[in-house]
1. From (1) exposed (fewer than 14 other Cβ atoms within 10 Å of the Cβ); (2) free of Cβ contacts under 8 Å to residues at least 40 places away in the same chain, pick out the condition that doesn't hold for MET1.
2. Would you check if VAL56 is farther than 22 Å from PRO74 by Cβ and of a type in the set (A, V, I, L, M)?
3. Within segment 39-63, work out how many residues are loosely packed, with under 14 Cβ neighbours inside 10 Å and within 15 Å of ALA7 (Cβ to Cβ).
4. Would you mention how many residues in segment 64-96 are closer than 24 Å to HIS2 by Cα and touching a Ser or Thr at 6+ places or on another chain (Cβ under 6 Å)?
5. Considering only strands (runs of 3 or more DSSP E) fully contained in the chain, which possess at least 1 residues that are touching a Gly at 6+ places or on another chain (Cβ under 7 Å) and among the aromatic types (Phe, Trp, Tyr)?
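Quick note: the coordinates plus some simple rules give every number you see, no bench work behind them. As the structure is a prediction and not an experimental result, all values here were calculated from the model. Using ideal geometry, Cβ is built from the backbone for each residue, glycine included, and neighbour counts are taken over all protein chains shown.
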Amino acid sequence: MHKTLLAEFTAREGAEAEVARLLRDYAHQVRKEDGNLAFDAYTKEARPRAFWIFEVYRDEDAFQAHLNAPYGGPFNAALAPLIEEDASVLTFLHPLP
């Protein structure tokens, strides 16, 4: 079964461009992962500092490989001071039958 999630965070005032740059670079790396099926980043139209990332991985093993990728830690460390939350808020999703 695919592992699907929505990651959300809010850029601090004035950090939107840097967050977007970091996210674009990170997305480029994640999309190369063997088990990644989707990594789509969005901002909310009515609230452009709000970022949403829709992620799909082939299965739990692919998701765990993503979590252990060497570029994840540096991305999260660079992102942390630029967002309002302590970390990305993750919501795991299940498809309707």
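1. (2)
2. Numbers: farther than 22 Å from PRO74 by Cβ: yes; of a type in the set (A, V, I, L, M): yes.
It is true that VAL56 is farther than 22 Å from PRO74 by Cβ and of a type in the set (A, V, I, L, M).
3. Going through segment 39-63 one residue at a time, the tally reaches 3.
4. Looking only at that region, the number is 1.
5. Fully inside the chain and qualifying: 47-57.
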